[in-house]
Amino acid sequence: MISSMLNFDQLQVAVAAAKRQFDLIRKKYPDLKAHLVMSLPGGQTGIDSSPPQILSEFPAMVAMAVEDGTHQCKYDGNTQVEIRFNDLKYDLIWKLQADNLVDRNLTPQTKASIQIVLGTLAQFAGTHHEK
């Protein structure tokens, strides 16, 4: 079940916040050669993808909603913002796993994984609330 859906404005806020976080990481790790994606088990798309691109490349992230009589796309707030590496440097990946700039609960804490998660779109949009 999708617990947190974002409208387009909230998606833009989340993307901007995720990019600011990624800028901090790149300043801290200047050797990092990577880019951001939005990801769920059903697929992924680039962080700068337009709504039509998202719908085409990553339909699992989108739900249609009817508000005030119009159809609108809503975006799954559980979608994770992840780093994808252009150049695998395992020592750097292992440092990132333990860095407080990444979500250590969502990032597997094992040397067998290269998955680095910054957080969810809901967290970056400020719509995520801990229970």
Quick one: Arg84 ticks every box in (1) basic (Lys, Arg); (2) over 20 Å from Gly126 (Cα atoms); (3) touching a residue at least 60 places away in the same chain (Cβ under 8 Å) bar one, so which box is it?
-> (3)
Would you confirm whether any residue within segment 21-33 is more than 21 Å from Gln115 (Cβ to Cβ) and not small (Gly, Ala, Ser)?
-> yes
In segment 14-22, is there at least one residue being within 16 Å of Ala122 (Cβ to Cβ), touching a strand residue (DSSP E or B) at 6+ places or on another chain (Cβ under 6 Å), assigned to a helix (DSSP H, G or I) and free of Cβ contacts under 8 Å to residues at least 40 places away in the same chain?
-> no
Could you list all residues from segment 4-41 that are aromatic (Phe, Trp, Tyr) and closer than 19 Å to Val62 by Cβ?
-> Phe8
Of all the strands (runs of 3 or more DSSP E) wholly in segment 47-94, which have at least 1 residues that are under 20 Å from Ala18 (Cβ atoms), among the hydrophobic types (A, V, I, L, M, F, W, C) and out of contact with any Asp or Glu (no Cβ under 8 Å at 6 or more places or on another chain)?
-> 70-76, 80-85
Select from segment 30-40 the residues that are assigned to a loop (DSSP other than H, G, I, E, B), touching a residue at least 12 places away in the same chain (Cβ under 8 Å) and surrounded by fewer than 17 Cβ atoms within 10 Å (Cβ to Cβ) and list them in ascending order.
-> Asp31, Lys33
Six or more apart or on different chains, Cβ under 7 Å: which pairs go from a residue in segment 41-64 that's over 13 Å from Leu121 (Cβ atoms) to one that's β-branched (Val, Ile, Thr) and at pLDDT 95 or above? Could you list them?
-> Gly46/Val37; Gln53/Thr45; Glu57/Thr45
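The values are calculated or read from the model by the stated rules, or taken from the named source; none is laboratory data. Only a predicted model underlies this, so the values are computations on that prediction, with no experimental measurement involved. Here the Cβ is made from the backbone with ideal geometry for all residues, glycine too, and neighbour counts use every protein chain on show.
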